[in-house]
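Reading through the structure tokens given below for one structure.
The values are calculated or read from the model by the stated rules, or taken from the named source; none is laboratory data. On a predicted model such as this, the values are computed, not experimentally measured, just so you know. Here the Cβ positions follow ideal geometry from the backbone for every residue, glycine too, while neighbour counts run over all protein chains shown.
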Amino acid sequence: MRHTNPVRLSFVLVAMFAALLMVPLVGAAMSAPAAQDGAVPDSAPALAPVMALTQPPYTILLSNPGFEFVGGSTTQASSWDTARLNPKDGRYCMGINPGDCTFRFRGANATSAPRTLSQTIAANANWGSEGETLLLWARVKTQQLSGPSRVLLTVTYTDDTTERVNVRIPAGDNPYQTLVTELTLTKPAASATVTVRVKTGGTAQTRLWVDEIILRVE
Ligand SMILES: [Ca+2]
């Protein structure tokens, strides 16, 4: 008569128990919705792949996404609108090489209303049809950031209804990381607005740098 090895039996039982544990874990992973509002880990590729995202066949929808072009003054960025900025907020260039310029927020908010940096684009032959997905990337770096600051993508449809997604900018001190979100058009679009909305208690040392705000359609 063949005897069951007790060690082998206990191994089988442990394996079966582990398999039972895995069922809900695997189920949860499979049923988890696609990430639409979250931060890509720091280890995610940053500059080079983002630049690749801007190459054909993709159409980049925003102008001056990297803040390399100056606007009406040295601290204004061409094509971008701002509201309620602090005196020292603005376009900021670390050097003279391509890519060196960013948009930097300095210090805490002066009021409870958010400071904003935004750009609105009208739908055109390149984008705006129902079913298209708009992908939004933004690189952000923070120093002593507190409060619910976000990057938002708002679409206004031709029937004047709107739809919005957002991704929160991590608080505290963080090196550059890429935030990602997306929105699939459920109707024909009239326009889209990308907004960096800064609400921070913060301190005089608070900083938020934003760069390479890429909006792409696919
Ligand atoms: Ca730049």
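Below is a table of values for the structure above.
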| read-out | value |
| --- | --- |
| Test set (1) in contact with a Lys or Arg (Cβ under 9 Å, 6 or more places away or on another chain); (2) within 16 Å of the ligand (Cβ to nearest atom); (3) of a type in the set (D, E, K, R) - E130 fails condition number | (2) |
| Neighbours by Cβ (under 7 Å, 6+ apart or cross-chain): first from segment 206-218, over 10 Å from V140 (Cβ atoms); second of a type in the set (K, R) and not in a strand (DSSP E or B) | none |
| Selected residue (only one of V155, V198, V180 is out of contact with any His (no Cβ under 9 Å at 6 or more places or on another chain), touching a residue at least 40 places away in the same chain (Cβ under 8 Å), in the same structural domain as N86 (by TED's automatic domain parsing) and buried (at least 20 other Cβ atoms within 10 Å of the Cβ)) | V198 |
| Residue satisfying all of: in segment 182-204; among the polar types (S, T, N, Q) and modelled with pLDDT under 95; farthest from the ligand (Cβ to nearest atom) among these | T203 |
| Filtered residues of segment 103-123 (kept if crowded, with 17+ Cβ neighbours inside 10 Å and of a type in the set (A, V, I, L, M)) | A108, L117, I121, A123 |
| Test: F67 is within 13 Å of the ligand (Cβ to nearest atom), assigned by TED's automatic domain parsing to the domain that holds L185 and not in a strand (DSSP E or B) | yes |
| Verdict on A138 being surrounded by 14 or more Cβ atoms within 10 Å (Cβ to Cβ), in the same structural domain as P65 (by TED's automatic domain parsing) and hydrophobic (A, V, I, L, M, F, W, C) | yes |
| Those residues of segment 85-116 which are under 22 Å from the mean Cα position of the chain (by Cα) and away from the ligand (no atom under 14 Å from the Cβ), in sequence order | L85, D89, F105, R106, G107, A108, N109, A113, P114, R115, T116 |
